[in-house]
1. Before we move on, is Gln98 polar (S, T, N, Q), modelled with pLDDT of 90 or more and farther than 14 Å from Thr144 by Cα?
2. Say we look at the stretch 51-91 and pick out the residues that are among the hydrophobic types (A, V, I, L, M, F, W, C) and more than 16 Å from Ala141 (Cα to Cα); which of these is least open to solvent (accessible area, probe 1.4 Å)?
3. Let me confirm something: among Ala126, Ala141, Ala131, which residue is modelled with pLDDT of 90 or more, open to solvent by less than 50 Å² (accessible area, probe 1.4 Å), of a type in the set (Gly, Ala, Ser) and closer than 20 Å to Pro57 by Cα?
4. Name the single residue, out of those in the stretch 278-291 being touching a residue at least 12 places away in the same chain (Cβ under 8 Å) and assigned to a loop (DSSP other than H, G, I, E, B), that is most open to solvent (accessible area, probe 1.4 Å).
5. Within the set of pairs 6 or more residues apart or between chains, which connect a residue that is in contact (Cβ under 8 Å) with a residue 12 or more places away in the chain inside the stretch 120-134 to a residue that is buried (at least 21 other Cβ atoms within 10 Å of the Cβ) and among the hydrophobic types (A, V, I, L, M, F, W, C) with Cβ atoms less than 7 Å apart?
6. Leu48 passes all but one of (1) surrounded by 13 or more Cβ atoms within 10 Å (Cβ to Cβ); (2) modelled with pLDDT of 90 or more; which number fails?
7. Can we say Ala263 is touching an Asp or Glu at 6+ places or on another chain (Cβ under 8 Å) and surrounded by 18 or more Cβ atoms within 10 Å (Cβ to Cβ)?
8. Scan the stretch 148-169 and tell me whether some residue there is of a type outside the set (S, T, N, Q), over 13 Å from the mean Cα position of the chain (by Cα) and modelled with pLDDT of 85 or more.
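The values are calculated or read from the model by the stated rules, or taken from the named source; none is laboratory data. Computed from a predicted structure; not experimentally measured. Here the Cβ positions follow ideal geometry from the backbone for every residue, glycine too, while neighbour counts run over all protein chains shown. Heads up: the accessible areas ignore ligands, DNA and RNA and are worked out on the full protein's heavy atoms, side chains in. Shrake-Rupley method; radii C 1.70, N 1.55, O 1.52, S 1.80 Å.
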Amino acid sequence: MSRALPKYDKRRVAFVGGAAAVALSGTVIAGFALAGESGQRAEPARTLAGPGTITCPDVTGELPAIPASAQAEVDRNLAQLQTQIAEANQRLVDTVGQGGPNFVQNAILGPLEDKRVAALNRIETAIGGAAAKPDGLEAFAACTLNADGAGAGADDGAEATPSDPAGADGDAGAGQDTGNGNAGNGEGAGADTGAGTITCPDVTGELPAIPASAQAEVDRNLAQLQTQIAEANQRLVDTVGQGGPNFVQNAILGPLEDKRVAALNRIETAIGRAAAKPDGLEAFAACTLTR
């Protein structure tokens, strides 16, 4: 009897040990299964919060009495200001998670500011054609991002490039680092660094005789056209590899065109105060990228 007991004990230990192993294995498997289910249930919680909302100051209350002859043009540009905000907000939604920390400033807020500057300049010009021209409406060009949550924070960076306004070109980014431009005419090109070079049509040969009273203003805006090209070329270098396939168009070329439209409009207005106002200079606003 005494010899049988050890064998019995061994068998019992073996049985108990095996059962324990099976139970442990079942626990581990169940643990993995629960973890998997838990992970699946948690997945929706990772959904990014809204990207935020772009808001811009209202300029309508700052406008003087609008001459009847300018009303249609003013209304058209006020509507354009609203369209620009709506498009920027849609762009904000469409690009959640794209770009670096300054993406929103460079690719959305900056370019939006430049577009608003151009529209506000057109409003000033329209009113100025029949009454005292209001000045300083550009102060209402800059917009802000009201971030709703995690999704917006990532893109929300230092905004101030676009509107070159940097940033935007805001400048679209503004990147306000000056690049190289051909000073002296509307056509400029930065040093070729591998990112490509932005070139713009030369408007100087298309200008009429410039009244002496308008010369300084015209020269100032011609110089601004060169500065804009230089900044855009520098921005091109600084953002190599950023954004999606349309980044250069949306964050650099588009904002640059808006800035050029504003400068060309100021040239037309300056000349128009003392002579026949030239029209159609906006045709020289669009620039191209040469790689």
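1. Answer is no for this residue.
2. Ala70
3. Ala141
4. Among those residues, the one meeting the criterion is Arg291.
5. Leu120/Ala141; Asn121/Ala262; Lys133/Ile127; Pro134/Ile127
6. (2)
7. Against the criterion (touching an Asp or Glu at 6+ places or on another chain (Cβ under 8 Å) and surrounded by 18 or more Cβ atoms within 10 Å (Cβ to Cβ)), Ala263 does not qualify.
8. no
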